[in-house]
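Just below is one structure, and these are the notes that go with it.
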Amino acid sequence: MKNLMFLMSLCLLIAIGCSKDVEVLPGLDKGLSTTMKEDIALDTRHHPQKPPKMVPLKGEVIEVGIGEPLVCFGIPYFGQFLDIKGHLTHLGNTEGGFVNLTNCRMEVREGIQTIVVDSDGQFQAANGDLLFYTGEVTVVIGETGPVIFNRNEFDGGTGRWEEAQGYFIADSEHLEDGSLLLEISGWITPPGR
């Protein structure tokens, strides 16, 4: 009976200890840490199995839009970008790839009218390995102009990136020559996993 009581007490202590909220990345400001916790929680809801080990991904790439711009609810945008060049951690120099933007629609998200554009693309490493992703670009028209959010999930690749998983967000800035600068940050499984 004492052993049974001891085991039940031990299980209760473990359950209480595991339910505490632990800061994901110590040293980051509280807002960013909270956001990352929410992202990780979101990812584990979609993938109930134990999430794989991930490493930070960051860098900058420049994309060049091609063709005639499409118009989505009064906002012109390119349907495809090519000549992607830049540098991403773990992938190295990017020299090629593409992004397709498709399926422009209006949705109400959290009570706000939001323009949503689906995207799919790939980054190409200098050695020819490809890293595939899909995602969406959302645009909310605020008082000071459009607010753009770009979130993508990795969906495998070739070579060292064959089973890649993870996600990234991209902050965009239009350059004077018409190209698009993307500052990328996110998480990805280590290459070769």
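Testing the spin-label approximation: label points 7 Å from Cα along Cα→Cβ at PHE73 and GLU107. State their distance in nm.
Distance between the two pseudo-spin positions: 1.1 nm.
Test of understanding: express the Cα radius of gyration of region 54-188 as a ratio to 2.2 N^0.38 Å, with N the residue count.
Normalised by 2.2 N^0.38 Å, the Cα Rg of region 54-188 equals 1.05.
May I ask you to sort PHE73, PHE98 by Cβ crowding, counting other Cβ atoms within 10 Å and putting the fewest first?
Details: PHE73 12, PHE98 16.
Listing PHE73, PHE98 from fewest to most nearby Cβ atoms yields PHE73, PHE98.
Report the FRET efficiency, 1/(1 + (r/R0)^6), for PHE149 and ASN127, where r is their Cβ-Cβ distance and R0 is 30 Å, rounded to 0.05.
Values: r = 32 Å, r/R0 = 1.05.
Taking R0 as 30 Å, the efficiency between PHE149 and ASN127 is 0.45.
Could you check the simple spin-label distance between HIS174 and ILE141, using points 7 Å along Cα→Cβ, in nm with one decimal?
Result: 1.5 nm between the two label points.
All of the numbers you see were taken from the coordinates with simple rules; none came from a lab. These numbers come from a predicted model, not from an experiment. All Cβ positions, even for glycine, are placed from backbone atoms using ideal geometry, and neighbour counts span all protein chains on display.
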